[in-house]
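Before any comments, here is the structure.
The values are calculated or read from the model by the stated rules, or taken from the named source; none is laboratory data. Only a predicted model underlies this, so the values are computations on that prediction, with no experimental measurement involved. Every residue, glycine as well, gets a Cβ built from its backbone with ideal geometry; the counts of neighbours run over all protein chains shown. These accessible areas exclude ligands, DNA and RNA; they are computed on the full protein's heavy atoms, side chains included. Shrake-Rupley method; radii C 1.70, N 1.55, O 1.52, S 1.80 Å.
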Amino acid sequence: MKFLILNGPNLNLLGLREPDIYGCQTYQDLADRIQAEAARLGVEVTLRQSNHEGALVDDIQAAYGTYDGIVINPAAYTHTSVALLDALKAVAIPAVEVHISDVSQREDFRKISYVRSACIATIAGHGFDGYLEAMGLLKEHLSHCKED
Ligand code: CA2
């Protein structure tokens, strides 16, 4: 089972600013935790981060036929991007939307997610654990699919 873990703009800056919202740990710490969880679950993961909407669309398109699941934190593009929504719908790979912070408790514009309707679940406000929960959820979802 192969998962693509996609992170959007500015998430490469984790740990450097706004620790009250995003915590003190860095993007590399996140990557290490994801790799450790992948080993525990027995799945393969590829991590990608981009500050560019088109590059994220390219990554989603390229996932078709290669990856079984996508974990995506589109960051600010969550609240603006029809392009990411369309790409997720086009490839139809089971995807889970993750947010480190609880977007439902922040500014109104963060309550809107364009990608949500293309995802099987949204996990928000669980910090880095949300990514690990998303991987477990995808694994469970895909195992059920294979039984059908
Ligand atoms: O809570 C999340 O995971 C977000 O997707 C993070 C995005 C934000 O635009 C979404 O509304 C919620 C922002 C990521 C920026 O990350 C930073 C990391 C360190 C310093 C500054 C920003």
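Give the accessible surface of the chain per residue, rounded to a whole number of Å², with probe radius 1.4 Å and ligands, DNA and RNA excluded.
For the chain, the per-residue accessible area is 50 Å².
For the range 118-148 and the range 1-79, what is the separation of their C-alpha centers, rounded to whole Å?
About 14 Å separates the Cα centre of the range 118-148 from the one of the range 1-79.
For HIS144 and GLN61, what is the calculated FRET efficiency with R₀ set at 22 Å and r taken between the beta-carbons, to the nearest 0.05?
0.25
Provide, in order from the shortest bin, the percent of all Cα-Cα pairs of the range 2-147 in each 10 Å bin, continuing until the bin that contains the maximum pair distance.
12, 46, 36, 6, 0
Hey, can you grab everything whose amide H is under 5 Å from the amide H of GLN49? Only 5+ residues off in sequence or another chain; H modelled, so Pro and N-termini drop out.
Residues meeting the criterion, in which the H sits 1.01 Å from N, are ASN7.
Hand me the trypsin sites (Lys or Arg not before Pro) from the range 74-142 located in a DSSP loop with no more than 14 other Cβ atoms within 10 Å, in residue order please.
ARG106
Could you pull the accessible area for CYS24 with a 1.4 Å probe, rounded to 10 Å²?
Approximately 110 Å² of CYS24 is accessible to the 1.4 Å probe.
Please report the carbon-and-sulfur percent of the accessible area for the range 2-147; probe 1.4 Å, protein heavy atoms only, DNA, RNA and ligands left out.
Result for the range 2-147: 50 percent of the exposed heavy-atom area is carbon or sulfur.
Find the relative contact order for the chain and round it to a whole percent, using C-alpha pairs within less than 8 Å whose residues are 6+ positions apart.
It comes to 26 percent, rounded to a whole number.
Taking the Cα centre of the range 70-138 as the origin and placing charges on Cβ (Lys, Arg +1; Asp, Glu -1), which of VAL71, LEU88, THR122 is farthest toward the positive end of the dipole?
LEU88
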